[in-house]
Amino acid sequence: MSKPKIYAHGSYVGTTGYNQHTRDFFRKLSLHCDIKVRNFTVGSTWDGYNLYPHDNEPYINEVDKSILHQQILWTKDKNRENFSIYPSVDKEFSHDVNLVLCETNHYIFYDDYVGPKIAYNVWETTLQPEQFFNRLKEFDELWVPSKWQRDCTISQGYDPNKIKVVPEGVDDKVFFPNPQVKHQLTSDGRFKFFLAGRWDYRKSIKEIIETFINTFEKDEPLDLLVSVDNPFSNDGMKTTEERLKFYGLDDDRIKVLHFPSRKDYVDILKSCHCFVSCARSEGWNLPLIESMACGTPSIYSNCSGCKVVSQTL
C-alpha cells in the first residue's frame, strides 16, 4: 500500500510556538507520509528569495529541506505567489489531501485548494471569529488539539462528524527528565522560577511578574527568569526592559532572556525549580506540556487548553 501524499501549508519557518508545532508535526508526518510543504513565513536570517533561503536558520535540518517545497511571498501588487525552494523530484507528486495548519483567520485558510482539504487550528477561546468559522465549515475536516476545543467548536455550530481531536505533542527525545542538566542561570543556589511566553494580555505576563514581586521579600533567594519578548506588540514598546520600567516592575530578581537558543531553553526548562504559566486562556500551551514532560513542577491556569495538558500527562 502506497503512502498517503500530503500537500501541507503553514508557517513553518520561525521561532514562535506555532512555528515550532508546525515543524514538529510536519516532520513527524514525513515518517509516515509523502509530504511537501508550502511555507508562509521567513526567519531572522532571510536575505531575499533564492532556492535555499532558510539554510542559515539554526533549527532547519535535512528533514526540513527534504519537505520544504514552496515559499509564499508578497509581490509588489500586494498579491501572494508561490516560489520554488529546495527543489527535488521527490516533491513533484500529485497530492491526496491538503493540510492547512496555521493560526486563526490566517490568509492561507482562504486560499483555493485542489482536492480534499483539512484545517488544523488551535484556538484559545470558546468562540471563533464568525467569518473564519464559516470558512472552516467549507473544509472537509477540522482537526483541533483537545476535546475542550472540539466541544466549543460543536457548540458554535460545527458538524461533529467533521471534527477530530489530534493532540499536540512534544519531542520525547528532547523533553524528558534529566536531573544532571545544568545551566549557568539556574546553578547559583537560588530558587528559579521560569516564565516563557509572549508579553500580551492573554498570557498575563504583567500580572505574573507583579505577583512574584509582591509575594516574595527581596532578601529571599528567589529569581524569576523571563523569556517574554514581543517585538510585534501594539503597546508602542519594543523590549521587555521597556515594559518592566513602564509598569514599575524593575527588580533585580527579574532576569530577562531575549529569545534564548533552543538548547538554552531546554536546559533552563529542565534545570529550573518551577515553570510558571497563568494565562487567561490557551489553546494548548506548548511550553507547559514541554515543562511537564521534563518533570519540572509547574504552576498554571485551571482552564481551557492548560487544563487539557494536565489531564494528558
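The values are calculated or read from the model by the stated rules, or taken from the named source; none is laboratory data. Only a predicted model underlies this, so the values are computations on that prediction, with no experimental measurement involved. Every residue, glycine among them, receives a Cβ derived from its backbone with ideal geometry; neighbour counts consider all protein chains shown. Protein only, heavy atoms only, side chains kept; ligands, DNA and RNA dropped before computing areas. Shrake-Rupley method; radii C 1.70, N 1.55, O 1.52, S 1.80 Å.
For the range 200-232, filtering for residues that are modelled with pLDDT under 95, touching a Lys or Arg at 6+ places or on another chain (Cβ under 6 Å) and crowded, with 16+ Cβ neighbours inside 10 Å leaves 2.
Within this structure, residue 130 fails the test of being open to solvent by 60 Å² or more (accessible area, probe 1.4 Å), within 16 Å of the chain's Cα centre (by Cα) and closer than 25 Å to residue 200 by Cβ.
Among the residues making up the range 63-118, those that are more than 26 Å from residue 162 (Cβ to Cβ) and under 22 Å from the mean Cα position of the chain (by Cα) are 63, 64, 65, 66, 67, 68, 69, 70, 71, 72, 73. Might you let me know whether the range 234-243 holds any residue that is in contact with a strand residue (DSSP E or B) (Cβ under 8 Å, 6 or more places away or on another chain) and more than 29 Å from residue 143 (Cα to Cα)? Scanning the range 234-243, I find at least one residue that is in contact with a strand residue (DSSP E or B) (Cβ under 8 Å, 6 or more places away or on another chain) and more than 29 Å from residue 143 (Cα to Cα), so the answer is yes. Set side by side, the residues 271, 261, 187 differ, and just one is farther than 20 Å from residue 16 by Cα and open to solvent by 40 Å² or more (accessible area, probe 1.4 Å), which is 187. Of all residues in the range 1-23, those that are surrounded by 21 or more Cβ atoms within 10 Å (Cβ to Cβ) and in contact with a His (Cβ under 8 Å, 6 or more places away or on another chain) total 4.
Which pairs have Cβ atoms under 9 Å, sit 6 or more apart or on different chains, and link a residue in the range 204-231 that is more than 16 Å from residue 243 (Cα to Cα) to one that is part of a helix (DSSP H, G or I) and at pLDDT 95 or above? Going by the 9 Å Cβ cut-off, the qualifying pairs are 222/212.
Residue under question is residue 170, and the condition is that it be among the β-branched types (Val, Ile, Thr), in contact with a Pro (Cβ under 9 Å, 6 or more places away or on another chain) and on the phi < 0 side of the Ramachandran plot; does it hold?
The answer is no for residue 170.
Residue-by-condition table, conditions (1) open to solvent by 50 Å² or more (accessible area, probe 1.4 Å); (2) part of a loop (DSSP other than H, G, I, E, B); (3) at pLDDT 95 or above; (4) among the acidic types (Asp, Glu):
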residue: 86; (1), (2), (3), (4): no, yes, yes, no
residue: 94; (1), (2), (3), (4): yes, yes, yes, no
residue: 98; (1), (2), (3), (4): no, no, yes, no
residue: 126; (1), (2), (3), (4): yes, yes, no, no
residue: 134; (1), (2), (3), (4): yes, no, yes, no
residue: 171; (1), (2), (3), (4): no, yes, no, yes
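Of the numbered criteria (1) at pLDDT 95 or above; (2) out of contact with any helix residue (DSSP H, G or I) (no Cβ under 7 Å at 6 or more places or on another chain); (3) surrounded by fewer than 20 Cβ atoms within 10 Å (Cβ to Cβ), the one residue 247 fails is (2). Counting only residues that are touching a helix residue (DSSP H, G or I) at 6+ places or on another chain (Cβ under 7 Å), of a type in the set (D, E, K, R) and either within 17 Å of residue 184 (Cβ to Cβ) or at pLDDT 90 or above (or both), the range 250-297 holds 3 of them. Annotation: of all residues in the range 66-84 being under 17 Å from residue 6 (Cβ atoms) and either of a type in the set (Ser, Thr, Tyr) or not in a strand (DSSP E or B) (or both), the one that is most open to solvent (accessible area, probe 1.4 Å) is 66. Part of a loop (DSSP other than H, G, I, E, B), open to solvent by 70 Å² or more (accessible area, probe 1.4 Å), basic (Lys, Arg) and modelled with pLDDT under 95 - does that describe any residue in the range 144-162? So far as the range 144-162 goes, no, none of its residues is part of a loop (DSSP other than H, G, I, E, B), open to solvent by 70 Å² or more (accessible area, probe 1.4 Å), basic (Lys, Arg) and modelled with pLDDT under 95. Out of the residues in the range 31-57 meeting the condition of being within 16 Å of residue 98 (Cβ to Cβ) and open to solvent by 30 Å² or more (accessible area, probe 1.4 Å), tell me which one is farthest from the chain's Cα centre (by Cα). Once the filter is applied, the top-ranked residue is 34.
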